[in-house]
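Read the figures in this text as sums done on the coordinates, not as results from a lab. Quantities reported herein were computed from a predicted structural model and do not represent experimental measurements. Neighbour counts are summed over all protein chains in view; Cβ atoms, including those assigned to glycine, are modelled from backbone coordinates with ideal geometry.
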Amino acid sequence: MTEGTEQEVFQEELNLQNASLNHQGIDKIYDCKGLLLPPERLTAEVLGIICIVLVATVLKTMVLIPSHHCDHCPEEWMTYSNSCYYFGKEKRTWEESLLACASKNSTLLSIDNEEEMKVLAAISAPSWIGVFRNSSHHPWVSIDGLTFKYTIKDSNNAEHNCAMLHIDGLKSKPCGSSIKYPCKHKL
């Protein structure tokens, strides 16, 4: 063998011995102290935390964060399922709520499906919805004139002619009552 080759072989053997000693030393640190995590477990935990943060961020972006102008919803409005929602901070009667939403180029909340109803009930109950009836002998209709397809329970065994979204579902309420109101604008 040439001198250069012998030196390279010696250097490789030395590197392997050092790597072996380093590996044994790391194992002893884990066994003795019990405080440090093996690299694989630490990596898995960090990746798990990152995954949870990413999922939470995506959900927040889809449901809870008020949208910006690039989403076609005004500031202070929430985007959900191809619609913009505004949650009035003050309490108003049903008719005042209709007018307040109209002034925002929107309508008093209309319910398109049960999923939407559950999400909005969790965020904004109790609040008015755009459903009414002329009397207890008439059907519930939405403000666009269509017969309302969901059941509205009469509150306190009384028959009222305006509807509200409650955490327990849809209920009738006297139209002159003052409660919060959500406005909706479809994209």
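Projecting label points 7 angstrom from Cα along Cα→Cβ for I123 and K91 puts them 2.2 nm apart. A simple count of charges around I123, restricted to other residues whose Cβ falls under 12 Å of its Cβ and scoring Lys, Arg +1 and Asp, Glu -1, yields +1. Across the alpha-carbon atoms of the stretch 66-187, the computed radius of gyration and Dmax are 13.7, 46 angstrom.
The simple spin-label model puts a point 7 Å past each Cα toward its Cβ; for H137 and E159 those points are separated by 0.8 nm.
Across the stretch 116-187, Cα-Cα pairs farther apart than 16 Å form 45% of the total.
Between S178 and L146, what FRET efficiency comes out of the Förster formula 1/(1 + (r/R0)^6) with R0 = 25 Å and r the beta carbon distance, rounded to 0.05?
Details: r = 27 Å, r/R0 = 1.06.
E(calc), rounded to 0.05, equals 0.40.
What is the local net charge at K153, summed over the other residues whose Cβ is closer than 9 Å to its Cβ (Lys, Arg +1; Asp, Glu -1)?
Charge balance near K153 sits at -1.
Pairs spanning more than 23 Å between alpha-carbon atoms, out of K118/K184; K104/K180; K104/K149; K91/K173; K118/K173; K104/K171: K104/K149; K104/K171.
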